[in-house]
Amino acid sequence: MHTDSTPTNSSAIQTTLRPMRADDLASCHAMSLHLHWPHRLADWQFHHQVSNSWAVELEQSGGTRSVAGSGMLCRLGEDYASLGLVIIADALQGCGLGRAMMQRLLQDAGARNVILNATDAGRPLYEKLGFVVTDTLSQHQSTTARATPVLAADARIRPLRKDEAPFLLALDRQASGMDRSALLKPLLASSEVAVLEQAGQVKGVAMLRQFGRGRVIGPVIATQAEDAKALIAHWVNAYPGAYLRIDVPGRTGLKPWLEEIGLTCVDNVVSMCRGTPPSPATSWRTYSLINQALG
């Protein structure tokens, strides 16, 4: 497999950009904890499972080697890919390794359009590489949120049946504009899925799984905001006192309502795309993300 060696500004230190191995993940997890990211080692392991992953290996004088950078690209069908978990250790900042990592990941993407979510610090580099802002994204979390679900008389929320998994994958493709089936299939194995049904017709679905400091709600798929709210309220009330997180695009208009029910906004970033942004094929919409690294 291809590797790239990039010397740093010290002759006693050398870095190598190489494919990430499973035994690198503990070091990657430690780097993310240093940045106060919430990811568990299990979250890194899942990302590694579904992504093309690269590591920056640092070799110091004496032959000591350690992992000092990471980056992952998850292919979403033939047309899209999601990029995330890009970290370069503090000691190697300014050496061009961030750009080298991005170029490697974009090479893996091939002709695919690439999406990512960017902090203010990362945005200038991404813009230089051809990414443009497509939306905002707000991260919300709480251990005390409570919501009043509003359901029509003929509506109910029930678990997803096993035989409905293909339906969910098709629904997500319509809502996201991307073929995420290869990502969602393993995600379903570790998720609970709620289905909003009215008069025998599915009006929306919402997944919930362990992630970071607790549980994350997403993706949430519906045709209108009120149905998305009903599904989010269901999961909020299903786990009273639990740590819950949800990441919602600005275009959904859900941010004020999430604040009202106690899911406090703790961070805002921008969503970016290199190429053609994905767009829904029908009236179905995605109201929350899987997470920021996977879209």
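The values are calculated or read from the model by the stated rules, or taken from the named source; none is laboratory data. It should be emphasised that the depicted structure is a prediction, and the values quoted were computed from it without experimental measurement. With ideal geometry, Cβ positions are generated from the backbone for all residues, glycine too; neighbour counts draw on all protein chains shown.
Within the stretch 80-88, does at least one residue satisfy the condition of being over 23 Å from ALA121 (Cα atoms), modelled with pLDDT of 95 or more and hydroxyl-bearing (Ser, Thr, Tyr)?
The initial filter retains those residues of the stretch 80-88 that are over 23 Å from ALA121 (Cα atoms), namely 80.
Adding the requirement that they be modelled with pLDDT of 95 or more leaves 80.
Retained after the next criterion (residues that are hydroxyl-bearing (Ser, Thr, Tyr)): 80.
Within the stretch 80-88, one or more residues are over 23 Å from ALA121 (Cα atoms), modelled with pLDDT of 95 or more and hydroxyl-bearing (Ser, Thr, Tyr).
Could you tell me whether any residue of the stretch 199-206 is more than 16 Å from ALA147 (Cβ to Cβ), among the small types (Gly, Ala, Ser) and either at pLDDT 95 or above or not in a strand (DSSP E or B) (or both)?
Keep residues of the stretch 199-206 that are more than 16 Å from ALA147 (Cβ to Cβ), which gives 199-203, 205.
Filter once more, so that each one left must be among the small types (Gly, Ala, Ser): 199-200.
Still in the running and either at pLDDT 95 or above or not in a strand (DSSP E or B) (or both): 199-200.
Yes - at least one qualifying residue is present in the stretch 199-206.
Looking at the stretch 216-246 only, could you name the residues that are part of a strand (DSSP E or B) and either at pLDDT below 95 or of a type in the set (Val, Ile, Thr) (or both)?
Hits for the stretch 216-246 are VAL216, ILE217, VAL220, ILE221, ILE246.
Out of the stretch 144-184, which residues are basic (Lys, Arg) and not in a loop (DSSP other than H, G, I, E, B)?
To start, the set of residues in the stretch 144-184 that are basic (Lys, Arg) comprises 146, 156, 158, 161-162, 173, 180.
Correct list: ARG156, ARG158, LYS162, ARG173.
How many residues does the stretch 38-62 contain that are touching a residue at least 40 places away in the same chain (Cβ under 8 Å), of a type in the set (S, T, N, Q) and assigned to a strand (DSSP E or B)? Give the derivation first.
Initially, the stretch 38-62 is screened for residues touching a residue at least 40 places away in the same chain (Cβ under 8 Å), giving 38-40, 42-44, 46-47, 49-50, 52, 54, 56-61.
With of a type in the set (S, T, N, Q) added as a condition, the list becomes 49, 52, 60-61.
Now restrict to residues that are assigned to a strand (DSSP E or B): 52.
Residues meeting the conditions: 1.
Determine the pairs where a residue that is closer than 17 Å to GLN49 by Cβ, located within the stretch 17-33, has a partner that is surrounded by fewer than 19 Cβ atoms within 10 Å (Cβ to Cβ) and modelled with pLDDT under 95 with Cβ atoms under 6 Å apart, the partner being 6 or more residues away or on another chain.
Pairs that qualify, where the first residue is closer than 17 Å to GLN49 by Cβ and the partner is surrounded by fewer than 19 Cβ atoms within 10 Å (Cβ to Cβ) and modelled with pLDDT under 95, are PRO19/MET1.
Within the stretch 230-243, identify whether any single residue is buried (at least 20 other Cβ atoms within 10 Å of the Cβ) and farther than 22 Å from LEU184 by Cβ, and answer yes or no.
The answer is yes, given that some residue of the stretch 230-243 is buried (at least 20 other Cβ atoms within 10 Å of the Cβ) and farther than 22 Å from LEU184 by Cβ.
Kindly establish whether GLY77 is of a type outside the set (Ser, Thr, Tyr) and either more than 15 Å from ASP108 (Cα to Cα) or in contact with a strand residue (DSSP E or B) (Cβ under 9 Å, 6 or more places away or on another chain) (or both).
It is false that GLY77 is of a type outside the set (Ser, Thr, Tyr) and either more than 15 Å from ASP108 (Cα to Cα) or in contact with a strand residue (DSSP E or B) (Cβ under 9 Å, 6 or more places away or on another chain) (or both).
Surrounded by fewer than 18 Cβ atoms within 10 Å (Cβ to Cβ) and small (Gly, Ala, Ser), is that true of ALA225? Don't jump to the end; show me each part of the working.
Numbers: surrounded by fewer than 18 Cβ atoms within 10 Å (Cβ to Cβ): yes; small (Gly, Ala, Ser): yes.
So ALA225 fits the description; yes.
Whether any residue in the stretch 63-71 is assigned to a helix (DSSP H, G or I) and in contact with a Cys (Cβ under 6 Å, 6 or more places away or on another chain) is what I want to check. Steps first, please.
Step one: filter the stretch 63-71 for residues assigned to a helix (DSSP H, G or I), giving none.
Looking for residues that are assigned to a helix (DSSP H, G or I) and in contact with a Cys (Cβ under 6 Å, 6 or more places away or on another chain), one finds none in the stretch 63-71, hence no.
Which of the residues spanning the stretch 231-248 are of a type in the set (Gly, Ala, Ser) and farther than 11 Å from ALA147 by Cβ? Write out each step before concluding.
Residues of the stretch 231-248 that are of a type in the set (Gly, Ala, Ser), as a first pass: 233, 238, 241-242.
Once the filter is applied, which keeps residues that are of a type in the set (Gly, Ala, Ser) and farther than 11 Å from ALA147 by Cβ, the stretch 231-248 yields GLY241, ALA242.
For the stretch 107-132, what are the residues that are surrounded by fewer than 15 Cβ atoms within 10 Å (Cβ to Cβ) and touching a strand residue (DSSP E or B) at 6+ places or on another chain (Cβ under 6 Å)?
Correct list: THR119, GLY130.
Need pairs with beta-carbon distance below 6 Å; first residue surrounded by fewer than 19 Cβ atoms within 10 Å (Cβ to Cβ) and within the stretch 139-152, second in a loop (DSSP other than H, G, I, E, B) and not small (Gly, Ala, Ser); sequence gap 6+ or separate chains.
The qualifying pairs are THR143/TYR243.
So which pairs qualify, if the first residue must be in the stretch 154-168 and farther than 12 Å from LEU188 by Cα, the second must be of a type in the set (Asp, Glu) and surrounded by 10 or more Cβ atoms within 10 Å (Cβ to Cβ), the Cβ gap must be under 8 Å, and the two must be at least 6 apart or on different chains?
ALA155/GLU197; ARG156/GLU197; ILE157/GLU197; ARG158/GLU197; PRO159/GLU192
Does VAL205 satisfy the condition of being within 16 Å of HIS140 (Cα to Cα) and in contact (Cβ under 8 Å) with a residue 40 or more places away in the chain? Lay out the reasoning, then the answer.
Working: within 16 Å of HIS140 (Cα to Cα): no; in contact (Cβ under 8 Å) with a residue 40 or more places away in the chain: yes.
Taking the combined requirement at face value, the residue does not satisfy it.
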